[in-house]
Amino acid sequence: MTFLQTVPYLNLNKAIQEVEGYFNITGKLKSTRVVERVNDDMLFLLTYMAAISTADIERDRIFDYTGRQQEYEASKYFRQIHILASKWGYEYAKSCKYISQKLKDVYISKFIERMANILSSGEPEKNFLKQEKIIREEIYSNEYERSIEALKKWTDGYTALMVSLTLVVTIILVSVMIYNITNIETIAFLLQFIILFISGLALYIIYKAAPAEKKVHALRLKSKEQDKIRLLSRVLLPIGAIVLIALIMQGTELKFILLGVTVFTLPIGIVAMEDDRKINERDSSFPAFVKTLGNLAGTTGVTIRSAMENLDKETIGCLKPGVEELHSSLSMGFKSKLCWEKFIGETGSELINRCSRIFTDAVELGGDPAEIGNIVSTSSLAIVLLRMKRQLVSSGFKGLVMTLHAVMVGLLVFVLEIISKFSGLISRMNESYISTEGGSGGISAMGMSMFNVAESMPMLYRLTFSVIIILTVSNTLVVKIVEGGGNYKLFFYGGLMSGISGICMILIPPVVSNVFTFQI
């Protein structure tokens with residue numbers, strides 16, 4: 001190869017280096033983070049590309065608009081392709097080919113490579129992107145369903161694992177009553193470490209098996225429930241932290257500390273669950289809303305604002321107040337972008353955030369509203385239906401974990417109180433024997449030197465309480481991971497699990513004292 005033949009390749013490498021330096025992503029083209037989120041990103045990104053392509057805009061504008069969508073991880077690759085083509089004068093097909101060779105994720109690499117072939121053949125991007133969007137939708141649905149099936153198996157394994165760990169701790173506690181174990185502190189430490197490690201490993205496996213999706217948007221404007229959550233968090237969390245630290249420093253019993261956690265976190269969690277419920281309702285109503293709105297605007301040839309006048313508000317469910325406010329704002333002449341941002345923010349939904357922006361961007365570019373509404377509706381409806389399948393798994397698992405948590409904590413406290421009563425009985429028998437026999441031999445003379453329970457009781461309390469804390473944290477996290485949704489739901493499940501633990505620690509000891517009364 002002569003020097004003149006190598007010049008284009010040198011220029012291309014120089015262009016790629018400049019593009020990578022501009023985005024500061026050197027070494028990140030093979031990032032595993034993109035691979036983890038690619039399913040969700042590519043479905044929405046292809047929906048966006050298919051929607052804007054209905055406007056029959058130029059090829060460079062498709063890549064330009066796609067590259068600007070920074071909320072999608074894969075959009076930066078299209079931004080690179082656009083810069084290579086627009087700034088360095090390379091053909092889009094050649095730019096796509098080069099970028100595809102740099103990617104580790106198989107699907108994105110193959111997709112951009114197929115796009116390079118389509119661009120070379122002269123086939124319209126509109127048809128290709130529509131077909132790719134349908135294919136990606138099917139792939140995403142299958143992957144999501146497989147994740148749900150895997151999640152079912154791992155949740156079954158988690159419940160069996162937690163029950164087994166509880167039984168192991170119970171056996172250790174009972175063994176202290178039977179055998180004179182000299183290295184009980186070492187065993188207790190190892191047991192705590194093993195339980196912590198196994199619980200963490202189980203949570204990690206379930207986290208990796210659960211479908212990854214973002215349900216709550218991160219915009220400045222929030223829903224009413226999210227504003228309440230923010231206000232309650234700013235008030236209750238600092239006060240709760242101060243109160244709990246003071247209780248810990250005063251040596252308050254664990255049961256009251258756990259109830260204190262419930263008092264300061266459960267109100268936030270209740271509002272978070274209400275917000276999650278309303279987001280589900282809005283997401284379920286959105287596909288029909290956007291499809292109907294697009295059909296009205298497309299078939300009658302009017303604007304989106306005019307189409308809203310003919311829209312039957314009774315058919316859009318809980319979106320009715322927001323849509324009416326959106327229509328009023330558009331009718332008053334406010335900027336369309338600001339009106340839609342307010343509508344999106346007050347829904348609190350990331351699905352509505354992404355799909356609404358896709359719809360409005362494509363319509364503003366001159367696309368057919370009916371066709372765009374159908375594209376956006378099918379993608380959003382697919383995600384809504386998949387979430388319903390996940391909810392079937394999470395609802396049953398949630399009730400099972402809460403019940404098992406009460407049973408496991410109750411069993412540990414029950415066995416510990418039995419041991420404590422037995423320890424007190426041994427001490428009284430020893431004192432009685434010494435006073436009767438004049439101090440010779442004590443209880444050991446009766447062949448009971450193996451019962452060294454009294455000295456081990458502080459350690460047994462520490463072991464049991466540490467296991468209860470681990471179970472409370474682990475069960476809180478696992479329910480949130482399986483169910484998905486916003487992170488504020490952790491306050492609900494954390495407060496609920498802490499309350500169950502605290503109530504068990506308060507109610508069970510008096511029951512044991514009344515039922516098991518030993519007399520000498």
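Residues in the range 36-88 that are open to solvent by 60 Å² or more (accessible area, probe 1.4 Å), modelled with pLDDT under 85 and in a helix (DSSP H, G or I): GLU36, ARG37, SER86. Every listed requirement among (1) open to solvent by less than 60 Å² (accessible area, probe 1.4 Å); (2) under 16 Å from LEU412 (Cα atoms) is met by ILE184 save one, (2). The combined condition, being under 31 Å from the mean Cα position of the chain (by Cα) and aliphatic (A, V, I, L, M), is not fulfilled by ILE178.
Looking at the range 216-237, is at least one residue closer than 30 Å to ARG146 by Cβ and open to solvent by 30 Å² or more (accessible area, probe 1.4 Å)?
Initially, the range 216-237 is screened for residues closer than 30 Å to ARG146 by Cβ, giving 216-218.
Checking which are open to solvent by 30 Å² or more (accessible area, probe 1.4 Å) leaves us with 216, 218.
Within the range 216-237, one or more residues are closer than 30 Å to ARG146 by Cβ and open to solvent by 30 Å² or more (accessible area, probe 1.4 Å).
Condition first: closer than 30 Å to MET505 by Cβ and in the same structural domain as ALA382 (by the TED database). Can you find one or more residues in the range 287-298 that meet it? Show your work before the answer.
Residues of the range 287-298 closer than 30 Å to MET505 by Cβ: none.
There is no residue in the range 287-298 that is closer than 30 Å to MET505 by Cβ and in the same structural domain as ALA382 (by the TED database).
Entry remark, the range 89-133: residues being acidic (Asp, Glu), open to solvent by 20 Å² or more (accessible area, probe 1.4 Å) and within 22 Å of GLU371 (Cβ to Cβ) number 2 in total.
Of everything in the range 382-431 that is among the charged types (D, E, K, R) and modelled with pLDDT under 90, the residue that is least open to solvent (accessible area, probe 1.4 Å) is GLU417.
Kindly indicate whether SER379 is touching a Cys at 6+ places or on another chain (Cβ under 8 Å) and either at pLDDT below 95 or not basic (Lys, Arg) (or both). Quick ask: steps written out before the conclusion?
On the way: touching a Cys at 6+ places or on another chain (Cβ under 8 Å): yes; either at pLDDT below 95 or not basic (Lys, Arg) (or both): yes.
Yes: the conditions hold for SER379.
The values are calculated or read from the model by the stated rules, or taken from the named source; none is laboratory data. All figures in this text were calculated on a predicted structure; none of them were measured in a lab. FYI the Cβ positions are ideal-geometry reconstructions off the backbone, even for glycines, and counts take in every protein chain you see. The area values use the complete protein model at the heavy-atom level, side chains included, leaving out ligands, DNA and RNA. Shrake-Rupley method; radii C 1.70, N 1.55, O 1.52, S 1.80 Å.
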